[in-house]
1. Of all the residues that make up the range 54-75, how many are in contact with a strand residue (DSSP E or B) (Cβ under 8 Å, 6 or more places away or on another chain) and among the basic types (Lys, Arg)?
2. Looking at the range 41-50, which of the residues that are within 14 Å of residue 22 (Cα to Cα) and touching a residue at least 24 places away in the same chain (Cβ under 8 Å) is surrounded by the fewest Cβ atoms within 10 Å (Cβ to Cβ)?
3. Starting from the range 121-150, take each residue that is over 29 Å from residue 110 (Cβ atoms) and among the basic types (Lys, Arg) and list its partners that are part of a helix (DSSP H, G or I) and open to solvent by less than 60 Å² (accessible area, probe 1.4 Å), counting only C-beta distances under 7 angstrom and pairs at least six apart or across chains.
4. Every residue in the range 1-24 that is surrounded by 17 or more Cβ atoms within 10 Å (Cβ to Cβ) and in contact with a Gly (Cβ under 6 Å, 6 or more places away or on another chain), please.
5. Quick one: which of 99, 78 is without any contact (Cβ under 8 Å) to a residue 12 or more places away in the chain and open to solvent by 50 Å² or more (accessible area, probe 1.4 Å)?
6. From the list 83, 67, pick out the single residue that is more than 30 Å from residue 136 (Cα to Cα) and either open to solvent by 40 Å² or more (accessible area, probe 1.4 Å) or in contact with a Cys (Cβ under 9 Å, 6 or more places away or on another chain) (or both).
7. Tally the residues that are part of a strand (DSSP E or B) and either of a type in the set (Phe, Trp, Tyr) or within 20 Å of the chain's Cα centre (by Cα) (or both), restricting the search to the range 40-85.
8. Let me spell it out: the conditions are (1) part of a loop (DSSP other than H, G, I, E, B); (2) more than 18 Å from the chain's Cα centre (by Cα); (3) surrounded by fewer than 17 Cβ atoms within 10 Å (Cβ to Cβ), and residue 36 meets all of them except one. Which number is the exception?
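The values are calculated or read from the model by the stated rules, or taken from the named source; none is laboratory data. Not measured: the values here are computed from a predicted model. Glycine gets a Cβ as well: all are built from the backbone with ideal geometry, and neighbour counts include every protein chain shown. Surface accessibility is based on the protein's heavy atoms, side chains included, excluding ligands, DNA and RNA. Shrake-Rupley method; radii C 1.70, N 1.55, O 1.52, S 1.80 Å.
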Amino acid sequence: MSETTHYSTMPSPVGELLLLGGEAGLTGVYMQQHLHWDGPRPHWRRDDQQLRQARAQLRAYFAEEVRTFDLPLALPVIVTGIRIVLVQAIGLVTIAALIGGGGFGIFIFQGIGQTAMDLVMLGAVPTVFFAFSSAVILDAVIDSIRGSAA
């Protein structure tokens, strides 16, 4: 089950800000001028109370009362996104061989061209190993972050 996305808006000297968060903490702050700004999504829930701490600290910052922030960030959510992108990137790097990028993809495509499964495996097994091991390592990091936050 996915976590509900809470949002809040607030005025600021740089324009209206959209704050996003969930139970884990703040996940994003967007300005109206942001390239992908299109306002809150229909399935998000407005919850000024959930994001009150972020709103208060941003107000104090814009009033020049503070220069630093002490907000709980949704670090596990952010690291999960990094894990997904990293695993996909490792898998897609093999395709770089098609444009002369080298790497394990060379073995895979040569093996396919020569119907040599040993060459395909020579390129595929390390790629799968790197993708899987990076996912396991980042999952351990996510679990340790969640464990230390509890």
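1. Applying the first criterion (in contact with a strand residue (DSSP E or B) (Cβ under 8 Å, 6 or more places away or on another chain)) to the range 54-75 yields 54-55, 58-59, 71-75.
Next, from what is left, pick out any that are among the basic types (Lys, Arg): 55, 59.
The total comes to 2.
2. At the first step, the residues of the range 41-50 found to be within 14 Å of residue 22 (Cα to Cα) are 43-50.
Restricting the remaining residues to those that are touching a residue at least 24 places away in the same chain (Cβ under 8 Å) gives 43-48, 50.
Details: 43: 8, 44: 14, 45: 11, 46: 12, 47: 16, 48: 13, 50: 19.
If we take residues in the range 41-50 being within 14 Å of residue 22 (Cα to Cα) and touching a residue at least 24 places away in the same chain (Cβ under 8 Å), then 43 is surrounded by the fewest Cβ atoms within 10 Å (Cβ to Cβ).
3. 146/76
4. 6, 20 - these are the residues of the range 1-24 that are surrounded by 17 or more Cβ atoms within 10 Å (Cβ to Cβ) and in contact with a Gly (Cβ under 6 Å, 6 or more places away or on another chain).
5. Numbers: 78 fails: without any contact (Cβ under 8 Å) to a residue 12 or more places away in the chain.
That would be 99, the only listed residue that is without any contact (Cβ under 8 Å) to a residue 12 or more places away in the chain and open to solvent by 50 Å² or more (accessible area, probe 1.4 Å).
6. 67
7. Number satisfying all stated conditions: 1.
8. Result: residue 36 fails condition (2) only.
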